[in-house]
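The values are calculated or read from the model by the stated rules, or taken from the named source; none is laboratory data. Just so it is clear, the structure is predicted and the values come from calculations on it, not from any experiment. Every residue, glycine among them, receives a Cβ derived from its backbone with ideal geometry; neighbour counts consider all protein chains shown. Note: areas computed on protein heavy atoms with side chains; ligands, DNA, RNA excluded. Shrake-Rupley method; radii C 1.70, N 1.55, O 1.52, S 1.80 Å.
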Amino acid sequence: MYNVLVGGAAGDGIETIVAVFEKALKRSCCNVYSVRDFMSRIRGGHNFTQVRFGNGDISSHAGRLDGIVAINEETVNLHKDRLVDNGFILCDTALKIDDSRAIKIDMRGIAKSLGNPKVAGSIAIGAVLKLFGMKSEIAHEIMRQTLKPEILEANLKAIDAGFNAVQNRYEHTGGNDTDRMLLSGHEALVLGALAANLRFYSAYPMSPSTSIMESLNAKKNIAQIVVEQAEDEIAAINMALGASYAGVRAMTGTSGGGFSLMVEALGFSGIAEIPIVIVDAQRPGPATGFPTRTEQSDLKFAISAAQGEFPRMVITLRNHNDVFYQTARAFDIAERYQIPVVLLTDQYLADTTTTVPLFDLSKVPPIPQRENEPDEEYLRYRITETGVSPRRIPSKSKAIVTTDSDEHDEMGCITESASMRVQMVDKRMRKIELLRQELQEPEWIGSDEYDTLLVGFGSTDGPIREAIKTLVEESPEKYGALVFGDIWPLPTQTVSEKAAKAKRIVNVEQNATGQLALLLREQTGIVCTENILKYDGRQISGEEIVQRLKEMNS
């Protein structure tokens, strides 16, 4: 397994280098896991991407580096301490890098001789491919599929120049599995939404959720969907609710600050029983916070947002495979229970690119067919044993389809009746008990014999998996872990059973207050004895979890 960092300033073409490198690795049958770290600026600053690859399963990023592709000196200064002794630093001869591991190529000079100074990045691509024993023809093919004819030839020559400038250093580590896709977390989310028959998406751009709108917008014509950039988040959620009321599956997306503006409309979804899927791509707050960084601090907010009490579901997405299937499931749950479903992602999961097996569409919940209208009187909010009332679509029904944000009777007319108020609240809340019957329990990682139980949710899944794998190999103490996906209503059976057997319970979260631990104590009485918390805007790694546990044990 290898780990290469590509770094420089915004505007240096880092993303182009990484995109071609990732595709070349995938076509060489490598598994890929790339994590991005970038500043909130258009040019300047320090941005980097770590590309981890090999023929084994990869579930997270890692700290140790086998190579650095440095566009500037700052990249080397910031990351050289993580580079292994026999690693490499690939850079331009103009950089003042005094390190025996440096491989210097006159990239700028070669690019200038090719008539295009911007092809220096392609020289770096060719060199990296050669170092890892891959073929330059793979990059040629990628370039032919992506570049305009007027710049293609110079880039092909640049790749060859870089390829010929170095010697092969590492063995090619690709496997034989070609049935895999290379995509980001939010690209997986988009595919899950489309598989669930998403027809309308509205949003206001807000990092890191903007990539959802960009990806859907690129597919809107072929998918025949509406993608609307609203003037703000209030308009975005109300547009989506209007589309859902009109009969199509609808979704909106934002980050924590935008979700704050959506709160009133979230409550409207609850009382009017209009299904909707809402994506909250978390970033560090409050206010603007760290716009391009990651955190898991919106959990309690998503569970309790909006005044009053009404049923909702909150699903935290764990990994790219999980993102696809849970997103598709969210639409099914929202429609069957006529409730809002909140999907929690974060910047780490949103922007990380990895290879995943082809998705199995047979596992996507089927889209229900509308039943023929019964003869009896239509009551939009009919009081039922399940709490789910009949839902008809305006213009497609003979009946008048009413809705209201005030409390209402079964017909949907505003009421001041105390007894009707109680009946309506009870009706809506009965959905929660029905929903509990199909909650997915947290996923178990590790062996059945364990002393220490780790608990986490969402995107800590990958790092926790990496940590457990290392601990099983290196530690005499026995470890296991539970990572929650469905988190509200909270599934309690498995965590109660596993916690009862543990000598200690360690909570792993990307926030400052241990929100999952607080939720577990509130809902089950289970107390986490220790916490591993990180809230500096960077994702915790499996190596960090292992190190923190060692510190606890010493």
Can you tell me how much longer the chain between Thr16 and Thr146 gets when fully stretched, taken as 0.36 nm per residue apart minus their C-alpha distance, in nm with one decimal? 45.7 nm
Express the Stokes-Einstein translational diffusion coefficient of the stretch 384-531 in µm² s⁻¹, to the nearest whole number, given a Kirkwood radius over alpha-carbon pairs, 20 °C and a viscosity of 1.002 mPa s. 116
Show me the GluC sites (Glu not before Pro) within the stretch 444-490 that DSSP assigns to loop and that have at most 14 other Cβ atoms within 10 Å of their Cβ. Glu449, Glu477
Once you have a ≥ b ≥ c as the square roots of the Cα gyration tensor eigenvalues for the stretch 267-391, tell me rounded if a/c is under 1.5, and otherwise prolate or oblate according to whether a/b is larger than b/c. oblate
Name the long-range amide H neighbours of Asp486: under 5 Å, sequence gap of 5 or more, or other chain; modelled H, no Pro or chain starts. Thr316, Gln440
Taking a 23 Å limit on the Cα-Cα distance, which of the listed pairs Lys396/Lys431; Lys80/Lys104; Lys431/Lys501 fall beyond it? Lys396/Lys431; Lys431/Lys501
Debye log10 I(q)/I(0) for the stretch 471-518, one point scatterer per Cα, at q = 0.14, 0.19, 0.21, 0.22 Å⁻¹: -0.44, -0.78, -0.92, -0.98
Solvent-accessible surface ranking, highest first, for Lys396, Lys300, Lys498 at 1.4 angstrom: Lys396, Lys300, Lys498
Filtered hits (aspartates and glutamates, Cα-Cα < 14 Å from Lys427, offset >= 8 within chain) -> Glu273, Glu309, Glu385, Glu407, Asp409, Glu410
Mind running the shape call on the chain? Use the C-alpha gyration tensor, a ≥ b ≥ c as the square roots of the eigenvalues: rounded below 1.5 for a/c, prolate if a/b tops b/c, oblate otherwise. prolate
Taking only Cα atoms of the stretch 1-59, the Rg to Rh ratio with Kirkwood Rh works out at 1.02
Using R₀ = 41 Å, calculate the FRET efficiency as 1/(1 + (r/R₀)^6) where r is the Cβ-Cβ separation of Leu95 and Lys220; round to 0.05. 0.40
When ligands, DNA and RNA are left out and all protein chains stay put, how many square angstrom of accessible area per residue does the chain have with a 1.4 Å probe? 43
Here, trypsin sites (Lys or Arg not before Pro) of the stretch 36-117 satisfying both criteria (DSSP loop; at most 16 other Cβ within 10 Å) are Arg41, Arg43, Arg64, Lys96
By the C-alpha gyration tensor axes a ≥ b ≥ c (rounded if a/c is under 1.5, else prolate when a/b exceeds b/c, else oblate), the shape of the stretch 433-491 is prolate
In degrees, nearest 10, range 0 to 90: what is the angle between the Cα axis of helix 210-223 and the longest Cα principal axis of the chain? 80
Run the reach check for Lys498 against aspartates and glutamates, Cα to Cα strictly under 13 Å, same-chain hits fewer than 8 apart removed. What comes back? Glu441, Glu443, Asp448, Glu449, Asp451
Qualifying lysines (Cα of each under 18 Å from Cα of Lys157; at least 8 residues distant if same chain): Lys112, Lys118, Lys130, Lys135, Lys148
Evaluate E = 1/(1 + (r/R0)^6) for Met429 and Arg41, where r is the Cβ-Cβ distance and R0 equals 56 Å; express this FRET efficiency to the nearest 0.05. 0.75
The stretch 370-464 - Kirkwood radius from inverse mean 1/r over Cα pairs (Å): 17.2
How far apart, in nm, are two points set 7 Å out from the Cα along the Cα-to-Cβ line at Glu497 and at Val248? 4.4
Protection proxy ranking of 218-224, 16-22, 142-148 - average other beta-carbon atoms within 10 Å, highest first: 16-22, 142-148, 218-224
Ignoring any ligand, DNA or RNA, what whole percent of the accessible area of the stretch 83-166 comes from carbon and sulfur when the probe is 1.4 angstrom? 49
Debye log10 I(q)/I(0) at q = 0.11, 0.12, 0.16, 0.20 Å⁻¹ for the stretch 312-446, Cα point scatterers: -0.56, -0.65, -0.97, -1.25
With a 1.4 angstrom probe the carbon and sulfur portion of accessible area for the stretch 417-554, in percent, totals 47
Of the accessible area of the stretch 242-306, computed with a 1.4 Å probe and all protein chains kept, carbon and sulfur make up a percent value of 65
With an 8 Å Cα cut-off and a minimum separation of 6 or more residues, compute the relative contact order for the chain in percent. 12
Take the stretch 161-304, drop everything but the C-alpha atoms, weight them equally and run the Debye formula without solvent; then report log10 I(q)/I(0) at 0.17 Å⁻¹ to two decimals. -0.92
Dividing the alpha-carbon radius of gyration of the stretch 50-204 by 2.2 N^0.38 Å, where N counts its residues, gives 1.24
If packing is taken as the average number of other Cβ atoms within 10 Å across a peptide's residues, how do 379-388, 356-365, 113-122, 154-163 rank, most packed first? 154-163, 113-122, 379-388, 356-365
